[in-house]
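One structure is given here, and the rest of the page talks about it.
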Ligand SMILES: [Zn+2]
């Protein structure tokens, strides 16, 4: 496994932990250009009461601001969970070179699980894709989050 991929996925995991601390589903993302992080994001959907507040969208917005272009050619996006349809669409629109995924999302993932939006030949752009980087750590974080959520619900009695 590529040690740079692991290094940057750990940074995405750090972002995911920020979501975790807000009781948000722990999903984190970083975007890397020429070996440097130019955008970070974590899931804030409930906190911001905004469907668009996914980790990837936030990271793309920040990376574009930093680069001064909507095109993120030459960039790699690291995300702890396989992107949803909205984020996969935004990634294609941004012309991202490459996407690195931690763990897969069988119910909503669009990097090969439900669909593969990132690599559909009919679109004018496809990304390179690497999956399963720091997979155990990423999926373990999700599992413990949902386990705690279930326990909290039980305590409340609903
Ligand atoms: Zn998303």
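The values are calculated or read from the model by the stated rules, or taken from the named source; none is laboratory data. Source: prediction; values computed, not measured. Neighbour counts are summed over all protein chains in view; Cβ atoms, including those assigned to glycine, are modelled from backbone coordinates with ideal geometry.
Looking at region 27-45, can you tell me whether even one residue there is surrounded by fewer than 18 Cβ atoms within 10 Å (Cβ to Cβ), within 16 Å of the ligand (Cβ to nearest atom) and over 23 Å from residue 125 (Cβ atoms)? Within region 27-45 (the criterion being surrounded by fewer than 18 Cβ atoms within 10 Å (Cβ to Cβ), within 16 Å of the ligand (Cβ to nearest atom) and over 23 Å from residue 125 (Cβ atoms)), the answer is yes, since at least one residue qualifies.
Per the conditions (1) over 21 Å from residue 86 (Cβ atoms); (2) loosely packed, with under 14 Cβ neighbours inside 10 Å; (3) at pLDDT 95 or above, the sole criterion not satisfied by residue 122 is (1). Any idea how many residues of region 123-158 are closer than 18 Å to residue 9 by Cβ and either assigned to a loop (DSSP other than H, G, I, E, B) or out of contact with any strand residue (DSSP E or B) (no Cβ under 6 Å at 6 or more places or on another chain) (or both)? Total satisfying the criteria: 12.
For residue 111, the conditions (1) closer than 28 Å to residue 152 by Cβ; (2) within 14 Å of the ligand (Cβ to nearest atom); (3) under 12 Å from the mean Cα position of the chain (by Cα) are fulfilled apart from (1). A Cβ distance below 8 Å, combined with a sequence gap of six or more or placement on separate chains, defines the contacts here; from region 48-64, residues that are over 16 Å from residue 78 (Cα atoms) and free of Cβ contacts under 8 Å to residues at least 60 places away in the same chain reach residues that are away from the ligand (no atom under 13 Å from the Cβ) and part of a helix (DSSP H, G or I) in the pairs 53/47. Taking the criterion of being in contact with a helix residue (DSSP H, G or I) (Cβ under 6 Å, 6 or more places away or on another chain) and closer than 23 Å to residue 72 by Cα, the residues of region 17-36 that qualify are 27, 28, 29, 30, 31, 32.
Of all residues in region 60-83, those being within 14 Å of the ligand (Cβ to nearest atom), more than 9 Å from the chain's Cα centre (by Cα) and crowded, with 21+ Cβ neighbours inside 10 Å number 1. The single condition among (1) within 16 Å of the ligand (Cβ to nearest atom); (2) surrounded by fewer than 24 Cβ atoms within 10 Å (Cβ to Cβ); (3) closer than 16 Å to residue 103 by Cα that residue 17 does not satisfy is (1). Would you confirm whether any residue within region 108-119 is in contact with a strand residue (DSSP E or B) (Cβ under 7 Å, 6 or more places away or on another chain) and in contact (Cβ under 8 Å) with a residue 60 or more places away in the chain? No, there is no match, as no residue in region 108-119 is in contact with a strand residue (DSSP E or B) (Cβ under 7 Å, 6 or more places away or on another chain) and in contact (Cβ under 8 Å) with a residue 60 or more places away in the chain.
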